[in-house]
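Read through the structure below, which is laid out as structure tokens, and then see the notes.
The values are calculated or read from the model by the stated rules, or taken from the named source; none is laboratory data. Predicted, not measured: the structure shown is a model, and the values here were computed from it. Using ideal geometry, Cβ is built from the backbone for each residue, glycine included, and neighbour counts are taken over all protein chains shown. Protein only, heavy atoms only, side chains kept; ligands, DNA and RNA dropped before computing areas. Shrake-Rupley method; radii C 1.70, N 1.55, O 1.52, S 1.80 Å.
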Amino acid sequence: AKCGACGPGYASPLDAMKGPREEIVYLPCIYRNTGVEKPDYLATVDVDPQSPHYCQVIHRLPMPNLKDELHHSGWNACSSCFGDATKRRNRLILPSLISSRVYVVDVGTDLRAPRIHKVVEPVELFWKGNVANPHTSHCLGSGDILISCLGDPSGNGKGGFILLDGETFEVKGNWENGDKVPPLGYDFWYQPRHNVLMSTEWGAPKVLADGFNPADVERGHYGQRVNVWDWSTHTYLQALDLGKGSIPLEIRFLHNPDAAEGFVGCALNGAVHRFYKTEKGDWAAEKVIEVPSKKVQGWLLPDMPGLITDILISLDDRFLYFSNWLHGDIRQYDISDTRKPRLVGQVFLGGSITKGGPVTVLEDKELPCQPEPFVIKGKKVPGGPQMIQLSLDGKRLYVTSSLYSGWDKQFYPDLVKEGSVMLQIDVDTQRGGLKVNKNFLVDFGKEPDGPVLAHEIRYPGGDCTSDIWM
């Protein structure tokens, strides 16, 4: 940073787009449900095309416990702390979805070889917050760390939050105030200029832990709301009901901190909703994208949803991307008009409807025929595209194929046996368009202790899913 009082990250989203090209990325790698009795680990992968180790795992940091189910990660400090020169982005926060541990990883001492700094044991979350199954972690401008949770210590759904001290990483207690708490939790994003935090809902942990039963949707065990919180008082204000069985997962505000709108992807009904602040000052949502289900045979249900599992927005707020984990495609939409997203790029990377597989498509409102299996460097890739991460300049989209080990095992048994992959897609940022980089493959089926499930992708310098501007 050139200015004297700069903290971590960048002054604005457009400044971030001018940041350096990514050279390494961090990915949590999961062994739960694979049959390999080894701890999950954090992999460091070289993504520098000039490096002799390009597309290779250059370091592995094993956790000290088994069956944690590492999932998503966040930072101790990010662009929300940009004005504070005393802050450094030197600790990666790694919540464990199943064990409820939170690992604090030191990436500041050696960027390429992270080490464990502290372990927050589950009992701390249980006793001090009556929450469990931590999911999304965001740093706050105050210096603290906020983590959303899926449930309570008994495995019931509960949309609560836990607050960590940003220096000691001690659990301070719940973030939320008052008796009103949503019945389910998952992801969240906050926007201080509009005094709001938005959270989403997946499902009750004890119901989703080992797989998906469609009957549990009817029983009300899966989410359907975006929950609206008052940022300053930490109180629950409002629920935006997106329909039974919608399962709203990843939520993203536009990056411009003045913007009072964003998008949320709904897994089960294949819809993207735009949420926005109304003239009255409350919040509303409208469906702006819908991926039609396909009529199939040879699958769990007669109608197969796309299963939108991850979404993100480019730092200039021009493009929206999302993955259809079951249908097997990634889509790019021009959102210059946020009310009318326009499909400008699409690429298929596997999925459940490829030719020659067990599923036959009987009726398809979008495709004339079933797509070919995805092969790269001679490898037929199992699974479908899932977690996505965009380079700061918006020109490279990285993709991994594991959703969550319990669901991977159910929907893509070959993925659990062969391990996941990381791929890279070249993005046309002028007109729109996606093209697979055929020279880029990280095959997590070839790891030393056996095939592993690599999940979320994080850059050391921050990225468009970890940084929030204030």
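Pairs, please: C-beta under 8 Å, at least 6 apart or cross-chain, first residue closer than 16 Å to GLY211 by Cβ and free of Cβ contacts under 8 Å to residues at least 40 places away in the same chain and in the stretch 404-421, second open to solvent by 10 Å² or more (accessible area, probe 1.4 Å) and part of a helix (DSSP H, G or I)?
none
Is there a residue being out of contact with any Asp or Glu (no Cβ under 7 Å at 6 or more places or on another chain), among the small types (Gly, Ala, Ser) and within 24 Å of ILE468 (Cα to Cα) anywhere in the stretch 48-67?
No.
So if I check each of PHE374, PHE411, which one is farther than 22 Å from THR465 by Cα, within 22 Å of the chain's Cα centre (by Cα) and of a type in the set (A, V, I, L, M, F, W, C)? Steps first, please.
Values: PHE374 fails: within 22 Å of the chain's Cα centre (by Cα).
Exactly one residue qualifies, and that residue is PHE411.
Could you list, ordered by first residue, the pairs with Cβ atoms under 8 Å in which the first is in the stretch 451-465 and under 17 Å from ASP317 (Cα atoms) and among the charged types (D, E, K, R) and the second is open to solvent by 10 Å² or more (accessible area, probe 1.4 Å) and outside any strand (DSSP E or B), at least 6 apart or interchain?
Cβ pairs passing all conditions: ASP463/LEU392.
Are there any pairs with C-beta distances below 8 angstrom linking a residue in the stretch 204-220 that is without any contact (Cβ under 8 Å) to a residue 12 or more places away in the chain to a residue that is in a helix (DSSP H, G or I) and of a type in the set (Val, Ile, Thr), with the two at least 6 apart or on different chains, and if so which?
Correct list of pairs: ASN213/VAL207.
Tally time: how many residues in the stretch 162-221 are among the basic types (Lys, Arg) and either under 18 Å from the mean Cα position of the chain (by Cα) or under 28 Å from CYS81 (Cα atoms) (or both)? Spell out the reasoning first.
So the first thing to find is which residues in the stretch 162-221 are among the basic types (Lys, Arg), and the list is 172, 180, 193, 206, 219.
From what is left, the residues that are either under 18 Å from the mean Cα position of the chain (by Cα) or under 28 Å from CYS81 (Cα atoms) (or both) are 172, 193.
Looking only at that region, the number is 2.
Among the candidates GLN410, GLN430, GLN424, which residue alone is part of a helix (DSSP H, G or I) and polar (S, T, N, Q)?
Numbers: GLN430 fails: part of a helix (DSSP H, G or I); GLN424 fails: part of a helix (DSSP H, G or I).
The conditions single out GLN410.
Considering (1) modelled with pLDDT under 95; (2) of a type outside the set (D, E, K, R); (3) open to solvent by less than 10 Å² (accessible area, probe 1.4 Å), say which one TRP229 fails and leave the rest.
Condition not satisfied by TRP229: (1).
Could you grab me the full set of residues in the stretch 232-255 that are β-branched (Val, Ile, Thr) and open to solvent by 30 Å² or more (accessible area, probe 1.4 Å)? Can you show your working first?
To start, the set of residues in the stretch 232-255 that are β-branched (Val, Ile, Thr) comprises 233, 235, 247, 251.
Answer for the stretch 232-255, where residues must be β-branched (Val, Ile, Thr) and open to solvent by 30 Å² or more (accessible area, probe 1.4 Å): THR233, THR235.
Taking the stretch 275-284 on its own, how many of its residues are open to solvent by less than 40 Å² (accessible area, probe 1.4 Å) and either in a strand (DSSP E or B) or aromatic (Phe, Trp, Tyr) (or both)?
3
Those residues that are in contact with a Leu (Cβ under 8 Å, 6 or more places away or on another chain) and aromatic (Phe, Trp, Tyr), I need them from the stretch 231-265; list them, please.
Residues satisfying the conditions are TRP231, PHE263.
Take the stretch 156-170 and flag every residue that is out of contact with any Ser or Thr (no Cβ under 7 Å at 6 or more places or on another chain) and either surrounded by 23 or more Cβ atoms within 10 Å (Cβ to Cβ) or assigned to a loop (DSSP other than H, G, I, E, B) (or both). Break it down into steps so the answer makes sense when it comes.
Quick first cut of the stretch 156-170, residues out of contact with any Ser or Thr (no Cβ under 7 Å at 6 or more places or on another chain) only: 156-158, 160, 162-170.
Passing the criteria: ASN156, GLY157, LYS158, GLY160, ILE162, LEU164, ASP165, GLY166, GLU167, THR168, PHE169, GLU170.
Considering each residue of the stretch 101-155, count those that are of a type in the set (Gly, Ala, Ser), part of a loop (DSSP other than H, G, I, E, B) and either under 25 Å from LEU61 (Cβ atoms) or touching a residue at least 60 places away in the same chain (Cβ under 8 Å) (or both), and give that number. Steps first, answer last, please.
Quick first cut of the stretch 101-155, residues of a type in the set (Gly, Ala, Ser) only: 108, 113, 129, 132, 137, 141-143, 148, 151, 154-155.
Then drop every residue that is not part of a loop (DSSP other than H, G, I, E, B), which leaves 108, 113, 141-143, 154-155.
Next cut, either under 25 Å from LEU61 (Cβ atoms) or touching a residue at least 60 places away in the same chain (Cβ under 8 Å) (or both) only: 108, 113, 141, 143.
Residues that pass the stated criteria total 4.
Does LEU66 satisfy being modelled with pLDDT of 95 or more, under 21 Å from the mean Cα position of the chain (by Cα) and among the hydrophobic types (A, V, I, L, M, F, W, C)? It would help to see each step written out before you state the result.
On the way: modelled with pLDDT of 95 or more: yes; under 21 Å from the mean Cα position of the chain (by Cα): no; among the hydrophobic types (A, V, I, L, M, F, W, C): yes.
No; evaluated as a whole, the condition is false for this residue.
Which of the residues that make up the stretch 1-40 are within 23 Å of the chain's Cα centre (by Cα), open to solvent by less than 70 Å² (accessible area, probe 1.4 Å) and of a type in the set (A, V, I, L, M)?
Matches in the stretch 1-40: ALA16, MET17, ILE24, VAL25, LEU27, ILE30.
Which of the residues that make up the stretch 186-226 are open to solvent by 10 Å² or more (accessible area, probe 1.4 Å), within 26 Å of GLY74 (Cα to Cα) and of a type in the set (D, E, K, R)?
ARG193, LYS206, ASP210, ARG225
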